[in-house]
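Reviewing the structure listed below.
The values are calculated or read from the model by the stated rules, or taken from the named source; none is laboratory data. All figures in this text were calculated on a predicted structure; none of them were measured in a lab. Cβ sites come from the backbone with ideal geometry, for glycine too, and all protein chains shown count toward neighbours. For the accessible areas, the whole protein counts, side chains as well, though only heavy atoms, and no ligand, DNA or RNA atoms are used. Shrake-Rupley method; radii C 1.70, N 1.55, O 1.52, S 1.80 Å.
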Amino acid sequence: MPDTTFGPQGWTPERLGPQTGKTYVITGGNAGVGFQASRILLSKGAKVVMLNRNPEKSTAAISALKQEFGPTADISFVPMDLSELASVRAAAKEILQTVPRIDALICNAAIAQVPRQKLTVDGFESQLGTNHFGHFVLCGMLFDRIEKTKGRIVVVSSLGYNMGLKTIQFDDLNWDKNYSANPAYSQSKLAQMMFAYELQDRIATAGRSVEVYVCHPGSSATSLISTSGGVLTRAIWWLMTKSPMVQTAEQGAFPELMCATEPDLQQRALYGPTGRMEFVGPVGKGTLNAHAYDKPVMVKLWDVSEQATGFSWVL
C-alpha cells in the first residue's frame, strides 16, 4: 500500500525549502538521478560538490547547470573513482581541505549488472568494490565533518537487494566460483544497506549525532545499466523504459533528496517509490525486508570491510 505520509502524491521537491548556506556532497552527480538531485538542490540555493569519475562529463554537467541557474550557481566537482581506494582517499582529503560543512553526503554513484567478472585495482569484485567498499571508506573519512554540521549520510541502494542470495557470500566475495551479474550486483546493494544499518547502531552506541538514511530510486530511466550492463540486459532495459514501470530520472532523485533534507524520518527504513511493485509511484516509506538488517551478517560485513579496505572507523 502506498505511503501517504506526504499526501497522495508522496514526497516531492515542493516540500524542500530554501537551502541557502547548506552544502551537499554527492557521488555520481554528473548524470542520471545524481544530476537531477544536483539540479534540484541548486534550484533551492544549495552548494553542491560532486564526486565524479569522469572529468569531461563533470565539466559538461557543470556547464549545463550554470547555463540553467546562472554563473553564480555554486556547483563544483572533485575527481574520484569509487573503484580505486587511493582515489577515494585523495578525494576525501581534498573535500576536508576545501569544504567546511557537509549537510548531507549522498552516496548515489553505482555500477550495475557487470556482465563478466571484473576486479578493481584493489582486487575486489567490481560492483562490491565500487558500490560498497568505496563508499565505506568515503563515509568514514568524512564522518567527523558531517557530524560537525549535524549532517546526514544518505545511502542510495536498490530493490536489487531482494534478488540473489539475500545475504553476503563471505566465502567467495569476488564470486570466483559462480560469477553472475545480477547476484553479484544484488550482493553489492545489500552490502550498502547493511553498512548503513550497522552504522546507525554504532552511532547510537557511541552517542554520535549523524543521521543515516537508506533509499532507492525505483525503476528510473538513467544510463546506469546501459553504461555497465551486458547486451541482453541493456536490450531488456530499453524495452522496460517504454513501459509505465519506469519513471524519469528526476522522479528517481526524489527519495535521496527526501532523505537528505526531510525532518523526522525513521532511520531503520527504506524510502523510495511506493506504487506498482515499488518501482514507481509516490515517494515514501517502502518495504524493508529483514535480511537487510541481519545483525550477525552486518557485524561480520563491517569487520570484513575494515580488513579489506585497510580503513578502521573511529566512533
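In table form, for the structure just shown:
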item: Failed condition for D3, given (1) within 25 Å of S126 (Cβ to Cβ); (2) acidic (D, E); (3) open to solvent by less than 50 Å² (accessible area, probe 1.4 Å); result: (1)
item: Residue count, the stretch 142-159 (criterion: assigned to a loop (DSSP other than H, G, I, E, B) and buried (at least 23 other Cβ atoms within 10 Å of the Cβ)); result: 3
item: Set D176, D171: member being outside any loop (DSSP other than H, G, I, E, B) and open to solvent by 30 Å² or more (accessible area, probe 1.4 Å); result: D171
item: Total residues in the stretch 76-88, condition closer than 15 Å to G310 by Cα and either of a type in the set (G, A, S) or touching a residue at least 60 places away in the same chain (Cβ under 8 Å) (or both); result: 4
item: Per-region count, the stretch 278-294, residues open to solvent by 50 Å² or more (accessible area, probe 1.4 Å) and part of a helix (DSSP H, G or I); result: 2
item: Criterion violated by T59 - all others in (1) open to solvent by less than 70 Å² (accessible area, probe 1.4 Å); (2) more than 27 Å from G281 (Cα to Cα); (3) of a type in the set (S, T, N, Q) satisfied; result: (1)
item: Whichever residue in the stretch 243-277 is in contact with a helix residue (DSSP H, G or I) (Cβ under 7 Å, 6 or more places away or on another chain) and of a type in the set (A, V, I, L, M) and, among such residues, is most open to solvent (accessible area, probe 1.4 Å); result: M245
item: 2 or more residues hydrophobic (A, V, I, L, M, F, W, C) and touching a Phe, Trp or Tyr at 6+ places or on another chain (Cβ under 6 Å): qualifying strands (runs of 3 or more DSSP E) within the stretch 1-116; result: 47-52
item: Any chance S43 is open to solvent by 40 Å² or more (accessible area, probe 1.4 Å) and hydroxyl-bearing (S, T, Y); result: yes
item: Flag if D201 is among the acidic types (D, E), farther than 20 Å from A86 by Cα and in a helix (DSSP H, G or I); result: yes
item: Residue check for T248: among the hydroxyl-bearing types (S, T, Y) and modelled with pLDDT of 50 or more; result: yes
item: Only one of A104, A91 that is touching a Cys at 6+ places or on another chain (Cβ under 9 Å) and crowded, with 23+ Cβ neighbours inside 10 Å; result: A104
item: Residues located in the stretch 195-208, provided they are farther than 14 Å from I153 by Cα and of a type in the set (A, V, I, L, M); result: A204, A206
item: Pairs, first within 19 Å of G151 (Cα to Cα) in the stretch 1-26, second among the small types (G, A, S) and surrounded by 10 or more Cβ atoms within 10 Å (Cβ to Cβ), C-beta under 6 Å, six or more apart; result: P18/G45; Q19/G45; Q19/A46; T20/G45; K22/A46; Y24/A46; Y24/A104; I26/G34
